[in-house]
1. Hey, residue 62 hits all of (1) surrounded by 15 or more Cβ atoms within 10 Å (Cβ to Cβ); (2) outside the structural domain of residue 140 (by TED's automatic domain parsing); (3) touching a helix residue (DSSP H, G or I) at 6+ places or on another chain (Cβ under 6 Å) but one; which does it fall short on?
2. Of all residues in the stretch 7-38, how many are surrounded by fewer than 14 Cβ atoms within 10 Å (Cβ to Cβ) and either in contact (Cβ under 8 Å) with a residue 40 or more places away in the chain or closer than 17 Å to residue 81 by Cα (or both)?
3. Mind checking which residues of the stretch 81-101 are free of Cβ contacts under 8 Å to residues at least 40 places away in the same chain and not in a loop (DSSP other than H, G, I, E, B)?
4. What number of residues in the stretch 106-121 are closer than 18 Å to residue 146 by Cβ, touching a helix residue (DSSP H, G or I) at 6+ places or on another chain (Cβ under 6 Å) and assigned to a helix (DSSP H, G or I)?
5. Based on this model, can you work out whether residue 41 counts as modelled with pLDDT of 90 or more, surrounded by 15 or more Cβ atoms within 10 Å (Cβ to Cβ) and within 16 Å of residue 13 (Cβ to Cβ)?
6. Give just the number: which of (1) outside any helix (DSSP H, G or I); (2) more than 30 Å from residue 140 (Cα to Cα); (3) within 27 Å of the chain's Cα centre (by Cα) does residue 22 not satisfy?
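The values are calculated or read from the model by the stated rules, or taken from the named source; none is laboratory data. These figures come from a predicted structure and were not determined experimentally. Glycine also receives a Cβ, built like all others from the backbone with ideal geometry; neighbour counts cover every protein chain displayed.
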């Protein structure tokens, strides 16, 4: 079958892929993509998609998708994956709110308490109007960042 997307790598790209494979740089997915790209290169080894899929324990569609991504989106995006422009979940607190929570935690606990619990701290933050609602887990993560 005639291939729609042909992989032609430069010497520099080939060297970068060999470096990733040799030193196992990056995630396992990145290493696998590097191996697939090297074997799919027309001027290097020019394996068939079926042979590549069998060698690296993946589907032929995976190999086709990697070829297509290389041609359409370029070498860097194919190897490293596309970066998200916006995180999947927005942050609950901004820097100023985090600073208020940390300052509150470092202060004296209310009367009748020996120290701040996470739930007590989250209730106090809402009571003071720093945020409308907050989970004790969010407070924990905020305080953990300062350790």
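1. (3)
2. 5
3. Once the filter is applied, which keeps residues that are free of Cβ contacts under 8 Å to residues at least 40 places away in the same chain and not in a loop (DSSP other than H, G, I, E, B), the stretch 81-101 yields 95, 96, 97, 99, 100.
4. Adding up the residues that qualify gives 2.
5. yes
6. Result: residue 22 passes all but (1).
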